[in-house]
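The values are calculated or read from the model by the stated rules, or taken from the named source; none is laboratory data. Predicted model only: the values in this text are computed from it and were never measured. Note that each Cβ is placed from the backbone with ideal geometry, even for glycine, and that neighbours are counted across all protein chains shown. Calculation scope for accessible area: heavy atoms of the full protein, side chains included, ligands and nucleic acids excluded. Shrake-Rupley method; radii C 1.70, N 1.55, O 1.52, S 1.80 Å.
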Amino acid sequence: MANKKILALFGNVAFYGQERANLQVFELLKDSGYDLLLAVNDLGFQWHLQPEVEARGLNYKKIRFSWNLKKTFKFKVLKSYLLNIPKSNYQLYKAIKSYQPDYIHVCNDTHVMTLLPVLLRNKTKLIYRLGDKPSGHLSKLHSYLWKRFIIPRVDAFVCISKFVASELIKLGCPEDKITIIYNFPPKRVIENVDEHLPTRDSSVITFTFIGQLSKDKGIDLLLNAFIKYVEQYPNCRLLIAGSVKQNPDFTRVLMDQVSKENLEDKVLFLDQIKQIDKLFSITDVNVIPSVYEEPLSNVIVEAKANSKTSIVFASGGLPELVSHKTNGYIISEKTVDSLIKAMAYYCDNQTLIKEHGKSAFESIEELEISYSRFKHKWMKVYE
């Protein structure tokens, strides 16, 4: 392995769960003896990812990547997108020629689509870590590209959940090309920050939401449920840990709603938290109310590592990590009333909070999320 080279295409510019999970894999490959080089985006890499990459001791080379068109269809953005495609392909070609990798590792749908000209001509083994539902369902063009080019070109797919694997199989991917590897709790590089978290309060039940403040993540649904729930169960509070700057208008609506109900002492907006273990130390129940088909969740495995139970909706890959009323609570319907029922379950059976938390921690081995199993599976993919 010491002489085996991996060129990993990592053109992302944001820093959320997907990026954390990919960095965890890159660090594992580097620590396992592979010569790893990240091809990073010269447009925005310095914003969030550069300090994270450098803190992990990962080598990188900047090349051009096209931005994701799903964000906007403005003419200026479209023009830049189209002009960047030949530039990114040429720079990738030069990087491959210079580095001579044994493997190319990809992990983003848009990057694969836009870099197909070079990836199809190059015969280097291609490993695709699929951290989301493949885009083949979006249109006939997407379906054609996946079935005709992407699936035949990729040597091995690593899917982060059975849900993602099932969506890939629907596009015609042979099952023997697929390995399922759940995320290991991703490393968070702790900076010298002074995060003023609330203190542990054993007199209340603390529900915690961690993630992006958006409708997809269901935070508005959770807040509406909590507002109704707290009328009947006043000995509780809700901690919301997510960037208040990412979606400011939506976040302001949530904050105004809390203010209108005079619940500032019950609902606390903590902004984005780096000290995740410290946050879980003051948490009783972790809540992930994603209304879209979330492929998996780093937060669930982080909660498990901290012996915390989780409430989730029964969609996407989330139910794969939770056993109903054993180490968490699975909600079948994505409604306010269903969330209230789940929260009330733990309020009425408070002894189960610790019992389910203990079972959540123990399930790490059962689900093969331990680091040793995580590493073993990735080594097997590359071998």
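Share of segment 98-162's accessible area from carbon and sulfur, percent, 1.4 Å? Don't skip to the answer; put the middle values down first.
Details: 1510 of 2860 Å².
Carbon and sulfur together cover 53 percent of it.
With the other protein chains left in place, how much accessible area per residue, in square angstrom, belongs to the chain at a 1.4 angstrom probe? Intermediate results must be reported in sequence, preceding the final value.
Details: 17740 Å² over 383 residues.
Result: 46 Å² of accessible area for each residue.
Multiply the residue separation of LEU197 and LYS341 by 0.36 nm, subtract the distance between their alpha-carbon atoms, and state the gained length in nm to one decimal. Intermediate values should be presented prior to the final figure.
Values: separation 144, 0.36 × 144 = 51.84 nm, distance 2.77 nm.
Here the answer is 49.1 nm.
Multiply the residue gap between TYR233 and TYR292 by 0.36 nm, knock off their C-alpha separation, and tell me the result in nm, one decimal place.
On the way: separation 59, 0.36 × 59 = 21.24 nm, distance 2.82 nm.
Value of the extension gain: 18.4 nm.
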- prompt: Over 23 Å between Cα atoms, which of LYS274/LYS308; LYS94/LYS170; LYS5/LYS375; LYS133/LYS215; LYS278/LYS304; LYS123/LYS147 qualify?
  reply: LYS94/LYS170
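Could you please tell me the mean projected area of the C-alpha convex hull for segment 227-383, averaged over all directions and given in square nanometres to one decimal? Before the final figure, lay out each step's value.
Working: hull surface 41.5 nm².
The orientation-averaged projected area of the Cα hull of segment 227-383 comes to 10.4 nm².
Please work out the FRET efficiency for the pair LYS278 and SER243, using the Cβ-Cβ distance as r and a Förster radius of 25 Å; give the result to the nearest 0.05. List each step's numbers first, then the result.
Details: r = 18 Å, r/R0 = 0.71.
Efficiency for this residue pair is about 0.90.
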task: For n ≥ 4 DSSP H runs only, could you compute -39500 (n - 2.57) per run for the chain, divide by its residues and tell me the 222 nm figure to the nearest 500?
output: -13000 deg cm²/dmol
message: What distance in nm lies between label points placed 7 Å from Cα along the C-beta direction at PHE250 and LEU82?
response: 3.0 nm
message: In Å, what Kirkwood hydrodynamic radius results for segment 55-181 from the alpha-carbon pair distances?
response: 15.7 Å
Rounded to 10°, Cα long-axis angle of helix 371-382 versus longest principal axis of the chain: 20 degrees
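Grab the Cα-Cα distance for HIS376 and LYS334, subtract it from 0.36 nm times how many residues apart they are, and report the gain in nm with one decimal.
Numbers: separation 42, 0.36 × 42 = 15.12 nm, distance 3.63 nm.
Length difference between fully extended and current span is 11.5 nm.
Under a 1.4 angstrom probe, counting protein chains only, how are SER332, SER214 ranked by accessible area, largest first? Intermediate values should be presented prior to the final figure.
Numbers: SER332 105, SER214 25 Å².
Final ranking, largest accessible area leading: SER332, SER214.
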17 Å Cα-Cα reach of LYS74 towards lysines, excluding residues that sit fewer than 8 places from it in its own chain: none
query: In degrees between 0 and 90, to the nearest 10, how far off the longest principal axis of the chain does helix 336-348 point, with axes built from Cα atoms?
result: 60 degrees
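Using only the heavy atoms of the protein chains and a 1.4 Å probe, how would TRP47, TRP67, TRP378 rank by accessible area, largest first? Spell out each step's value before the answer.
On the way: TRP47 145, TRP67 100, TRP378 5 Å².
Output order, biggest surface exposure first: TRP47, TRP67, TRP378.
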query: For LEU238, LEU221, what's the largest-to-smallest order of accessible area, 1.4 Å probe?
result: LEU221, LEU238
message: Just to be sure I understand the model, the point goes 7 Å from the Cα along the line to the Cβ. What's the resulting LYS325 to GLN100 distance in nm?
response: 6.3 nm
task: Heads up, I need the accessible area for SER359: 1.4 angstrom probe, whole protein in place, Å², nearest 10.
output: 30 Å²
- prompt: Where the centroid of each part is defined by its Cα atoms, how far is segment 293-361 from segment 70-135 in Å?
  reply: 37 Å
message: If I model a spin label as a point 7 Å beyond the Cα along the Cα-Cβ vector, how far apart are those points for LYS125 and LYS187 in nm?
response: 2.4 nm
